[in-house]
Amino acid sequence: MSIPPRPDDGFGVIGDIRTFWLGSAEWRVFEYRSPVPPHLKTLIVLNPTDHHSIARYPDQWRTMEPSFLLAQLAITP
């Protein structure tokens with residue numbers, strides 16, 4: 001049996017999940033730190049039909065305009 005990461009152990013979802021509507025899709029964006037070494041941090045971007053995991057992303061992703069954020073990440077809505 002595996003034990004999932006807990007919110008207080010520094011792994012898993014980091015901070016709040018950002019949610020926004022763009023077009024007809026609801027998008028969710030969040031940082032995730034892997035519980036297995038080397039504990040890489042990625043930005044997860046998803047909607048009901050699409051999923052992206054991005055290792056290099058802007059530090060200010062939480063405050064960027066949604067369409068600009070997706071453009072910076074090379075994601076076509």
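Where a number appears in this text, it was derived from the coordinates with a stated rule and is not lab data. Keep in mind the model is a prediction, meaning the values are calculated, not measured. Note that we place each Cβ from the backbone using ideal geometry, even for glycine, and neighbour counts take in every protein chain shown.
Each 5 Å bin, from zero up to the one with the longest distance, holds this percent of the alpha carbon pairs of segment 10-60: 5, 19, 27, 25, 15, 6, 2, 0.
Ranking of VAL36, VAL45, VAL29 by neighbouring Cβ atoms within 10 Å, starting from the fewest: VAL36, VAL45, VAL29.
Rounded to the nearest 20, the size of the Cβ-charge dipole of segment 12-72 about its Cα centre is 180 debye, with Lys and Arg at +1 and Asp and Glu at -1.
For LEU22, the residues 5 or more places off, or on other chains, whose built amide H falls under 5 Å of its own are TRP27.
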